[in-house]
Amino acid sequence: MLYLKYARSSLVALALASGGGEAQTREGVSFDQTITSVSSAAGRYDSTTNILHMVAAGNASRIEMENNSIYPAMGTFTPGPHTIVLMHGGGAEIVFLNPDKKEYLSIKPVEMMSGFRKMIEGMGGSMVFDTANSHIGFDSLGAGQIMDGHQTVHYRIDAAMKMTISMMGQVVTSESQSTTDVFSAPDLAQYRDVVDAMSGFGQLRESMGMGGDFFRKVRENQRKAVGFPLRMVMHTVQTQQGKTRTVTQTIDSRNVRPISLADSVFAIPAGYKPISLPVVPGAAGVN
């Protein structure tokens, strides 16, 4: 937890170092998050735990990580164990910072995936989202546990989707079925817009041609969960080419509190070196 203490102090320093009291600030929210993932495939089990400190205001957010095992190396860029993630425009742009090496990688995932889809189509391939075998369901299950001093409401979201990618004579079919239990605190509903902004990846899937109507329904169902989600437990079964992988991911959020944030908190620090990914023909959105 020492790194989280450093993360909090660094945010304060950023707020104070932005220029003689004239820096613009935003009212936002701060919270800590623990993400535990357990996966199994072909008889092998893996378990990881990541601790994050998160701040957000409007559609901008900053995530500081301890012992990162979520984001692997991307080309020549390595996020490192203490990676920092900046999200702008609710995920329209994502910047990965390696504070140990003073390097960063900026990507625009919607543009990048749209370029990937165009590349596949340009090679005579296709990406097809199977709407007939995809569905989304939502249930309110009443009062949940008291978490971090807040009474929660228990919701459950069931989803299934299927997609087929064809390229260069090969056909890959992927199926996913998931059940997510959400324990949301209604008394923290004032921060819900921040949560929605940090979960704005529906556009990413839609940019790949994966059924805009389906993911519109996913977002609509997610918004039915009133308040701030203090715990989410997702059980997922993924099948691809006859191989099955199961994943259980638990996300616990704690210490939710209001905070004033300087714009510099969401900016790339001075002196960081930009790293670029190899250019893929037809792709875009990587800086």
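The values are calculated or read from the model by the stated rules, or taken from the named source; none is laboratory data. Please read all numbers here as calculations on a predicted model, not as lab measurements. Positions of Cβ are generated from backbone atoms using ideal geometry, with glycine treated the same way; all protein chains shown enter the neighbour counts. These accessible areas exclude ligands, DNA and RNA; they are computed on the full protein's heavy atoms, side chains included. Shrake-Rupley method; radii C 1.70, N 1.55, O 1.52, S 1.80 Å.
Miscellaneous remarks
- Each residue, THR164 and ALA267, gets one label point 7 Å from its Cα in the Cβ direction; the gap between the two is 5.1 nm.
- Subset of LYS102/LYS243; LYS108/LYS224; LYS102/LYS224 violating a 31 Å alpha-carbon distance limit: LYS102/LYS243; LYS102/LYS224
- Available extension along the chain between ASN133 and VAL38 is 31.6 nm, counting 0.36 nm per residue and deducting the alpha carbon span.
- Sorting TYR155, TYR71 by accessible area puts them as TYR71, TYR155; the probe is 1.4 Å, largest comes first, and only protein heavy atoms count.
- Protection-proxy order for peptides 179-192, 159-172, each taking the mean of Cβ atoms within 10 Å per residue, highest first: 179-192, 159-172
- Region 85-153 - convex hull of alpha carbons, volume per residue in Å³: 194
- Sum of side-chain charges, ILE94 neighbourhood, beta-carbon under 12 Å (Lys, Arg +1; Asp, Glu -1): 0
- Protection proxy ranking for 236-248, 125-137, using the average of other Cβ atoms within 10 Å per residue and placing the highest first: 125-137, 236-248.
- Per residue solvent-accessible surface (Å²) - region 39-87, probe of 1.4 Å: 42
- Three-way shape label, region 59-102, alpha-carbon gyration tensor, a/c 1.5: prolate
- Proximal lysines to LYS217, defined as alpha-carbon separation beneath 23 angstrom and excluding residues fewer than eight positions away on the same chain: LYS162
- Listed residues GLY125, VAL29, ASN50: farthest to the positive end of the dipole of region 21-148 (Cβ charges): GLY125
- Dipole magnitude (debye, nearest 20) for region 56-161, charges at Cβ of Lys, Arg, Asp, Glu: 240
- Couplings 3J(HN,Hα) of region 230-236, computed from phi: 8, 8, 10, 10, 10, 9, 10 Hz, in residue order, whole Hz [Karplus 6.51 cos²θ - 1.76 cosθ + 1.60, θ = phi - 60°; x for Gly and Pro].
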